[in-house]
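Step one of this worksheet: look at the structure below.
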Amino acid sequence: MHLKPTLRALLATTLIASAATAAMAQDLPGKGVRVQPLQSSIAEETFQTLLVSRALARLGYDVQPIKEVEYPTAHVAIANGDATFMADHWDPLHADFYKNAGGDAKLSRTGQYSTGAAQGYLIDKKTADRYKITSVDQLAKPEIAKLFDTNGDGKADMTGCNPGWGCEAVIEHQLDAYKLRAHVSHTQGSYAALMADTIARFKAGQPILYYTWTPYWVSGVLRPGQEVVWLKVPFSSLPGEQSKLDTKLASGQNYGFVMNTQRIVANKDFVTRNPAAAKLFEVMQLSVSDINAQNLRMRDGQNKPADVERHTDAWIKGHQKTFDGWIDAALKAAD
């Protein structure tokens, strides 16, 4: 077979490039290493988790489909090596889960994946303005509590936090600390369903009282400062490992929760044996605004697994330089 010189050169170049790609694939630090990601039942965590999975796959790791496990169990599973990482460890909200699973001896949480995560109690602005409600301790007044009573028992009904998430322990602690136990009912169940009911009541013009966090889609629908307002607390009071923390913000306001950082928690032995993955977990960063934007798309109907995968791939494409920077840093750490 006789090839023209230009065609022969092109074929040679293609073969060399193919060989180089194959060699690179063989040299990737994650080759042959299985990774099991975990997340809680909060569907909106999939975006953050999938982004880490995508980056690990680029490093050659054999990344398995995400498994749903609630936070306390997830920390133990990762510590014991039954899973590899979770991308939504809230620091310090999950401090007790981290400590109880073995702490730094069995787990790793370097880096700051997403900073500025807020939590707290909110009511609709119309009711706040009309009755001059600014603080949770005002709920101890029967005439104020009754405004948020949805079942006729005279107590304020507050949409709260699912058991096992960590925030429920804070709420239960603060109901006692602020002497609200006799005046406020902490409504728990499926948070998404409860918030759908809360938003429906708001749209019907009724007063609402609820707990929420950011980043999450709720604050894109009920916007603090516009439809709703944060309630202050009279003093700092947190349970367990957080008990000595001051929740007062630099502005002087105190909403009862410290600002949290979402961090990637991984099995300690895994990161020791995989410096590329360890570096990746350390350098990855995602903004609260990007998480909020994606979560709102899910709330508006783009909530199927294929939708979240599309959102993740679109984020990578739109932030390619940043994503490639993470991969480069991880590859250098493996050398």
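With respect to the conditions (1) assigned to a helix (DSSP H, G or I); (2) among the hydroxyl-bearing types (Ser, Thr, Tyr); (3) buried (at least 18 other Cβ atoms within 10 Å of the Cβ), residue 322 lacks only one, and its number is (3). Residues in segment 168-192 that are closer than 27 Å to residue 299 by Cβ, part of a loop (DSSP other than H, G, I, E, B) and not polar (S, T, N, Q): 189 only.
Screening segment 52-85 for residues that are closer than 24 Å to residue 163 by Cα and of a type in the set (D, E, K, R) and picking the one that is surrounded by the most Cβ atoms within 10 Å (Cβ to Cβ) gives 70.
For segment 284-301, filtered to residues that are surrounded by fewer than 20 Cβ atoms within 10 Å (Cβ to Cβ) and among the aliphatic types (A, V, I, L, M), the residue that is nearest to residue 318 (Cα to Cα) is 293.
For segment 147-155, the condition holds for no residue, the condition being that it is under 30 Å from residue 263 (Cα atoms) and either in contact with a strand residue (DSSP E or B) (Cβ under 7 Å, 6 or more places away or on another chain) or modelled with pLDDT of 95 or more (or both). Restricting attention to segment 141-157, the residues that are within 10 Å of residue 209 (Cα to Cα) and not in a helix (DSSP H, G or I) add up to 3.
Select, from 189, 164, the only residue that is under 30 Å from residue 75 (Cα atoms), in contact with an Asp or Glu (Cβ under 7 Å, 6 or more places away or on another chain) and modelled with pLDDT under 95. The unique qualifying residue is 164. Restricted to helices (runs of 4 or more DSSP H) entirely inside segment 197-288, those with at least 2 residues that are farther than 30 Å from residue 144 by Cα, under 23 Å from the mean Cα position of the chain (by Cα) and in contact (Cβ under 8 Å) with a residue 40 or more places away in the chain are 268-273, 275-283. Test each condition in (1) buried (at least 17 other Cβ atoms within 10 Å of the Cβ); (2) touching a helix residue (DSSP H, G or I) at 6+ places or on another chain (Cβ under 6 Å); (3) outside the structural domain of residue 45 (by TED's automatic domain parsing) for residue 148 and report the one that comes out false. The failed condition is (2).
Right, residue 137: part of a strand (DSSP E or B), assigned by TED's automatic domain parsing to the domain that holds residue 226 and surrounded by 15 or more Cβ atoms within 10 Å (Cβ to Cβ) or not? For residue 137, the condition - part of a strand (DSSP E or B), assigned by TED's automatic domain parsing to the domain that holds residue 226 and surrounded by 15 or more Cβ atoms within 10 Å (Cβ to Cβ) - is not met.
Take the conditions (1) more than 24 Å from residue 115 (Cα to Cα); (2) part of a loop (DSSP other than H, G, I, E, B); residue 165 misses just one of them, which is (1).
Of all the criteria given as (1) farther than 30 Å from residue 137 by Cα; (2) in contact with a Gly (Cβ under 8 Å, 6 or more places away or on another chain); (3) buried (at least 17 other Cβ atoms within 10 Å of the Cβ), the one not satisfied by residue 269 is (3).
The values are calculated or read from the model by the stated rules, or taken from the named source; none is laboratory data. For clarity, every value in this text was computed on a predicted model and none was experimentally measured. Please note: Cβ atoms are built from the backbone with ideal geometry, for glycine as well, and neighbour counts cover all protein chains shown.
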